[in-house]
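Report on the following structure.
The values are calculated or read from the model by the stated rules, or taken from the named source; none is laboratory data. Keep in mind that this is a model prediction, so the values were computed, not measured. Here Cβ is always computed from backbone atoms with ideal geometry, including for glycine, and neighbour counts include all displayed protein chains.
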Amino acid sequence: MPGLINLAESEFGELAVSFAMAEFFGWPDPGGEPDEETIDRAAVLFWPWFVFNWEYDRLEDEESLLQGPEETTVAELYIKKKGITPQSPEGRLISAANRKPYSFLEIAAVKPGKSVRVKDLLAGMETIAGVVEKHQST
């Protein structure tokens, strides 16, 4: 994460985090910014959103405070700048998180040692993940 954040600031400018944070919190009016406690509590959601979902939009930047590519997430820019291959562990991790919508998950059922059923509360979908058992051949 620090490498992704540093790249964002170097590519888009020092105001990139503030600009993205304003978008994340719904473009608050001047003087209506969230307080420090709210920002601290939201950090666990903001930082992944910033690197994996935020895209610079020149139309929203009326004063041209930032520079950098549009329609590109920080993670996509990081992959390109660092020459990371999609097959590498880092490339696979970034691809798994990049541009994924946020949701809320609920553990619906657990069969210890067997499976877990997870419900996506926003999409209404359920997923069952099972334990892979290794069988020894005789």
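Whenever a residue of region 47-68 is closer than 11 Å to Glu23 by Cα, its partners that are part of a loop (DSSP other than H, G, I, E, B) and aliphatic (A, V, I, L, M), lying with C-beta atoms within less than 7 angstrom and at least six residues away or across chains, give the pairs Tyr56/Leu66. Glu33: surrounded by 11 or more Cβ atoms within 10 Å (Cβ to Cβ), out of contact with any strand residue (DSSP E or B) (no Cβ under 6 Å at 6 or more places or on another chain) and at pLDDT 90 or above, yes or no? Spelling it out, it is not the case that Glu33 is surrounded by 11 or more Cβ atoms within 10 Å (Cβ to Cβ), out of contact with any strand residue (DSSP E or B) (no Cβ under 6 Å at 6 or more places or on another chain) and at pLDDT 90 or above.
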